[in-house]
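A short write-up of the structure that comes next.
The values are calculated or read from the model by the stated rules, or taken from the named source; none is laboratory data. Worth saying up front: this structure is predicted, and the values here are computed from it rather than measured. Note that each Cβ is placed from the backbone with ideal geometry, even for glycine, and that neighbours are counted across all protein chains shown.
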Amino acid sequence: MTQLSRRRFLAISTATLGATGVATQWSALTGSAQAAQAATGTVTQIPTFCEMCFWRCGGIAHLRDGKLWKFEGNPRDPQSNGRLCPRGTGAVGAHYDPDRLRQPLMRVGERGKEQWKAVSWDEALGFVAEKMNKIKAEHGAESMALFNHGFGQRFFQHVLRTWGVVNYAGPSYAQCRGPRDVGYLLTYGTGVGSPEPTDIKNTDCLVLIGSHLGENMHNSQVQEFAQAVERRATVIVADPRYSVAASKAKYWLPVKPGTDLALILAWCHLLVKEGRYDQAFVKEHGHGFDKFVDAIKDNTVEWAATECDVSPELIRAAGREMASHRPAAIVHPGRRVNWYGDDTQRSRGIALLNALLGNYGRKGGMFVSQGIKIAPYGLNTYPEHDKPRLDGASGDIYPFADEGVTTAIRDATISGKPYPIKGWFVYSTNLMQALPSEAETIKAIQNLDLLVVCETMPSEIAGWADVILPDTTFLERHDELLTGFGRNGWAALRQPVVAAPHDQKPAWWIAKELAGKLGIPECMPFKDLEDYLKVRVEKSGHSWEKLKTEGVIMAEHTPITVEEGLALSFDTPSGKVEFWSDQLVEKGFDAVPKYTRHPEAPADHFRLITGRAPGHTFSRTQTNPLLHDLMPENEVWVNTATAAKLGIQNREYVKLRNQDGVLSSRIRVKATQRIRGDCVYMVYGFGHTSKLMKTAYLKGASAGQLNSLYKTDPIMGATSIHTNFVAIVKEA
Ligand SMILES: Nc1nc2c(c(=O)[nH]1)N[C@H]1C(S)=C(S)[C@@H](COP(=O)(O)OP(=O)(O)OC[C@H]3O[C@@H](n4cnc5c(=O)[nH]c(N)nc54)[C@H](O)[C@@H]3O)O[C@H]1N2
Ligand SMILES: Nc1nc2c(c(=O)[nH]1)N[C@H]1C(S)=C(S)[C@@H](COP(=O)(O)OP(=O)(O)OC[C@H]3O[C@@H](n4cnc5c(=O)[nH]c(N)nc54)[C@H](O)[C@@H]3O)O[C@H]1N2
Ligand code: SF4
Ligand SMILES: [Mo]
């Protein structure tokens, strides 16, 4: 990066937090401040990739005299380009976190009371295997389910599926990007994937509908955003809140929450009516375009202006501007798109708007990602099963679900139908916060004979476990090899840079030991993970030693845009971009997205919307001493006029009560003109109720807890997050 864009990146990434503060605070954890300053001692550098979120940036850990000192970006790595975001830099704090789990724990009191006794690994895993085998004998292996998120899951999924588990899901699908990927799949025949193949680096116009880049700190994407801002590319932001991205925008459309589909359809209408769309692309690659045009004939700019509560002039000007830059114009498909329960169709709307811009496979638009070929180790396949999957992934419950749906497993656990679910194995997901309706999660847990949680922290879900298995942090373990998709395919290595501080064990080791106890040791036929990884890398013709020192293998570049010689193809039933979807019609859904209104807030209530802070990830970083220092609690954004009307001061503590009577912990008000008056906003992941997370206990409020009212997208099972309303309760 040039100096200027580097500064711009910092300006964006530190809009609300000081990123540089993180690097200098390590010394408070690792020893004396002088040690940080004095360049004495031996420094070792070991590459690995970050797990502070799922962008998976390559970094280089620096040790001084064998002690973890700092974590910086790996210049060879395409996700970091040599720079980490504040959370990645703060990863050092995850290793030193005083609230970490230290040894295996077994519940002694009632479930959820957080009373434990420390046990040996042998005892903990022996207990898990015995309980699992009892469930298998009484109900069948299908009655044990797996919830997983994050890179360490790989070998748990492998061992449990070998044993007979068929129901597994993670919140990254139905609580996150699922509707977007299905919306794209239905339109282009392929999902969006991660990292999103948005050529922001080369774009002339970036449209962000909610996507709050700069707060959403997906590293290389934010770097490219900074470059685009520096090049003075047009930025258009639709967000009820004046986000960091909105502050860089030429057009900010403060839409009424939940009305985005009206805006998207109106932009489509405008482009078609004024002949500003890519007619050559539509003619060559479009399917059902005339029927699409007919379906949106009433979705005029004036109509949308009323629905969205923004001026028609603004909608029109932004629409014309994006069209003027096509094909180097991108409407970002979004990442966490589970907002209102009808999100697949909104995502499909975005996919169609992009098709009108003709940006598929184009420079400055959406490129077509390429991967890297790395040989498999050659592990076993999984046994056939008699019973149907209950996690929805086979499309029986939600016709277009193509991965497991967490809440489908939870529903089956509550109903016991069509067969009971009696055990949950939970790896690296805090279901109490991540899923809607904490009450339903607790109800499901009460039907279980076994709840195992493999965690690094005593999180809320761990608090409900029968057995807690303490994982190492990513800095202390090997994991499966990362094979990534992007402008170039790449592979990255995760390797331990420092020893686990207590009796924590790496995920792969726990999975291997469990396989032994379950009587299926042959499914983990390697001595340790280094042995496994080396086989994969060398079989693929790469040097293991080189990977260990460089951290990354890059694939040869092949064309990713038409400009580079890529021939476009679409894996849909028509072989084209489906403006009209016969697949959706067959299953009883609208062929073209149709706008419907969402319920209004009850009197004295505001719609609760959520997002991210640059220095935290979900509910996983609040106890991290470095990141806690940056932002110890979240705030609730309230429009200044609303606050004045309610007699609430800026920085005053309040509580929030939602429409179902759920009352939050106390949270500070940020009275600001940067948000509409009909909604309030908070960052998700705070307000921890687990007493063992001492650093974060009841600091701020939990958006997850307030998410009791949700809608499920009938197309693929995503559950909404923005369907709750809260009243502001003043402290007595
Ligand atoms: N209300 C509301 N709900 C949401 C969202 C929202 O914005 N608002 N966002 C949604 C989205 S986009 C997503 S992706 C999901 C995220 O949902 P989750 O993946 O459940 O995210 P976290 O809350 O970070 O929970 C991860 C847990 O894993 C633990 N952990 C971290 N690292 C490791 C590790 O290396 N090993 C092990 N074993 N455990 C580890 C952490 O301590 C933490 O308790 O939440 C969704 N739910
Ligand atoms: N720092 C940090 N970065 C992260 C993460 C993290 O935990 N921390 N998590 C990562 C993950 S897993 C994900 S999925 C992404 C999520 O990040 P994104 O996909 O960018 O964002 P969302 O959480 O979907 O949306 C939040 C934004 O939408 C706005 N919004 C709310 N309601 C509406 C509405 O009705 N219409 C419109 N137009 N806007 C609305 C909010 O004001 C906010 O600015 O972030 C990723 N990046
Ligand atoms: S974006 Fe930040 S937290 Fe996420 S992997 Fe990259 S450096 Fe780590
Ligand atoms: Mo997500």
Quiz item: Among the listed residues Gly378, Gly395, Gly404, Gly358, which satisfies the condition of being of a type outside the set (Phe, Trp, Tyr) and in the same structural domain as Ile264 (by TED's automatic domain parsing)?
Solution: Gly358
Quiz item: Looking at the range 62-72, is at least one residue in a loop (DSSP other than H, G, I, E, B) and on the phi < 0 side of the Ramachandran plot?
Solution: no
Exercise. Kindly list the number of the only condition in (1) at negative phi; (2) out of contact with any strand residue (DSSP E or B) (no Cβ under 8 Å at 6 or more places or on another chain); (3) surrounded by 16 or more Cβ atoms within 10 Å (Cβ to Cβ) that fails for Ser437.
Key: (1)
Practice problem: Please work out if Ser172 is more than 13 Å from ligand 3 (Cβ to nearest atom), within 14 Å of Ser347 (Cα to Cα) and either among the polar types (S, T, N, Q) or within 15 Å of the chain's Cα centre (by Cα) (or both). | Solution: no
Quiz item: When you scan the range 555-565, how many residues do you find that are in a loop (DSSP other than H, G, I, E, B) and of a type outside the set (S, T, N, Q)?
Solution: 6
Self-check item: Residue that is surrounded by fewer than 20 Cβ atoms within 10 Å (Cβ to Cβ) and out of contact with any Gly (no Cβ under 9 Å at 6 or more places or on another chain), where the choices are Gly109, Gly152
Solution: Gly109
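Filter the range 39-55 for residues that are of a type outside the set (A, V, I, L, M, F, W, C) and either crowded, with 24+ Cβ neighbours inside 10 Å or assigned to a strand (DSSP E or B) (or both); which is farthest from the chain's Cα centre (by Cα)? Show your work before the answer.
At the first step, the residues of the range 39-55 found to be of a type outside the set (A, V, I, L, M, F, W, C) are 40-42, 44-45, 47-48, 51.
Restricting the remaining residues to those that are either crowded, with 24+ Cβ neighbours inside 10 Å or assigned to a strand (DSSP E or B) (or both) gives 44-45, 47-48, 51.
Working: Thr44: 32, Gln45: 29, Pro47: 24, Thr48: 21, Glu51: 12 Å.
That would be Thr44.
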Quiz item: Somewhere in the range 150-161, is a residue touching a His at 6+ places or on another chain (Cβ under 7 Å) and not assigned by TED's automatic domain parsing to the domain that holds Gly334?
Solution: no
Quiz item: What is the residue count in the range 274-298 for residues that are touching a residue at least 24 places away in the same chain (Cβ under 8 Å) and either over 17 Å from Gly349 (Cβ atoms) or of a type outside the set (A, V, I, L, M) (or both)?
Solution: 14
Quiz prompt | Restricting the range 569-613 to residues that are aliphatic (A, V, I, L, M) and free of Cβ contacts under 8 Å to residues at least 24 places away in the same chain, the residue that is nearest to Ala355 (Cα to Cα) | solution = Val585
Quiz item: Taking the range 570-620, which residues are in a loop (DSSP other than H, G, I, E, B), within 16 Å of ligand 3 (Cβ to nearest atom) and either of a type in the set (Val, Ile, Thr) or in contact with a strand residue (DSSP E or B) (Cβ under 9 Å, 6 or more places away or on another chain) (or both)?
Solution: Arg612, Ala613, Pro614, His616, Thr617, Ser619
Quiz item: within 13 Å of ligand 1 (Cβ to nearest atom) and under 29 Å from Gly191 (Cα atoms) - does that describe any residue in the range 696-705?
Solution: yes
Self-check item: Unique match (being within 22 Å of Leu630 (Cβ to Cβ), part of a loop (DSSP other than H, G, I, E, B) and at pLDDT 95 or above) among Asn707, Asn650
Solution: Asn650
Exercise. Quick one: count up the residues across the range 712-724 that are away from ligand 1 (no atom under 12 Å from the Cβ) and crowded, with 24+ Cβ neighbours inside 10 Å.
Key: 4
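Does the range 670-685 contain at least one residue that is assigned to a loop (DSSP other than H, G, I, E, B), out of contact with any strand residue (DSSP E or B) (no Cβ under 8 Å at 6 or more places or on another chain), crowded, with 20+ Cβ neighbours inside 10 Å and touching a residue at least 12 places away in the same chain (Cβ under 8 Å)? Before the answer, list the steps.
In the first step, residues of the range 670-685 are kept if they are assigned to a loop (DSSP other than H, G, I, E, B); the result is 673-674, 676-678, 684-685.
Okay, now just the ones that are also out of contact with any strand residue (DSSP E or B) (no Cβ under 8 Å at 6 or more places or on another chain), so 685.
Subsequent filtering for residues that are crowded, with 20+ Cβ neighbours inside 10 Å retains 685.
Restricting the remaining residues to those that are touching a residue at least 12 places away in the same chain (Cβ under 8 Å) gives 685.
Yes: one or more hits.
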Quiz item: Under the condition of being hydrophobic (A, V, I, L, M, F, W, C) and not in a strand (DSSP E or B), which residue from the range 710-732 is farthest from Ala434 (Cα to Cα)?
Solution: Ala732
Quiz item: When Ile397 is evaluated against the numbered criteria (1) more than 28 Å from Gly685 (Cα to Cα); (2) assigned to a helix (DSSP H, G or I), which criterion, by number, is the only one it fails?
Solution: (2)
Self-check item: Residue, nearest to ligand 2 (Cβ to nearest atom), within the range 428-477, restricted to residues that are under 15 Å from Arg102 (Cα atoms) and of a type in the set (D, E, K, R)
Solution: Glu455
Quiz item: So which residues in the range 697-711 are under 22 Å from the mean Cα position of the chain (by Cα) and either of a type in the set (Asp, Glu) or surrounded by fewer than 24 Cβ atoms within 10 Å (Cβ to Cβ) (or both)?
Solution: Gln705, Ser708, Leu709, Tyr710, Lys711
Quiz item: modelled with pLDDT of 95 or more and over 21 Å from Arg276 (Cα atoms), is that true of Glu307?
Solution: yes
Self-check item: Top-ranked residue of the range 401-421 - restricted to ones that are in a loop (DSSP other than H, G, I, E, B) and buried (at least 24 other Cβ atoms within 10 Å of the Cβ), ranked as farthest from ligand 4 (Cβ to nearest atom)
Solution: Ile421
Quiz prompt | Matching helices (runs of 4 or more DSSP H) fully within the range 285-342 where at least 2 residues are within 16 Å of ligand 2 (Cβ to nearest atom) and either among the hydroxyl-bearing types (Ser, Thr, Tyr) or in the same structural domain as Leu208 (by TED's automatic domain parsing) (or both) | solution = 301-308, 312-324
Quiz item: When you look at Gly109, is it of a type outside the set (D, E, K, R) and away from ligand 2 (no atom under 15 Å from the Cβ), yes or no?
Solution: yes
Practice problem: Looking for whichever is basic (Lys, Arg) and either more than 27 Å from Asn338 (Cα to Cα) or in contact (Cβ under 8 Å) with a residue 12 or more places away in the chain (or both) here; the options are Lys417, Lys422. Which one fits? | Solution: Lys422
Quiz item: Looking at (1) without any contact (Cβ under 8 Å) to a residue 12 or more places away in the chain; (2) farther than 30 Å from Asn488 by Cβ; (3) assigned to a helix (DSSP H, G or I), which is the one condition that is false for Phe127?
Solution: (1)
Quiz item: Would the range 126-133 turn up any residue that is among the aromatic types (Phe, Trp, Tyr) and either surrounded by 20 or more Cβ atoms within 10 Å (Cβ to Cβ) or in contact with a helix residue (DSSP H, G or I) (Cβ under 9 Å, 6 or more places away or on another chain) (or both)?
Solution: no
Quiz item: Looking at (1) within 11 Å of ligand 2 (Cβ to nearest atom); (2) assigned to a loop (DSSP other than H, G, I, E, B); (3) surrounded by fewer than 22 Cβ atoms within 10 Å (Cβ to Cβ), which is the one condition that is false for Val255?
Solution: (3)
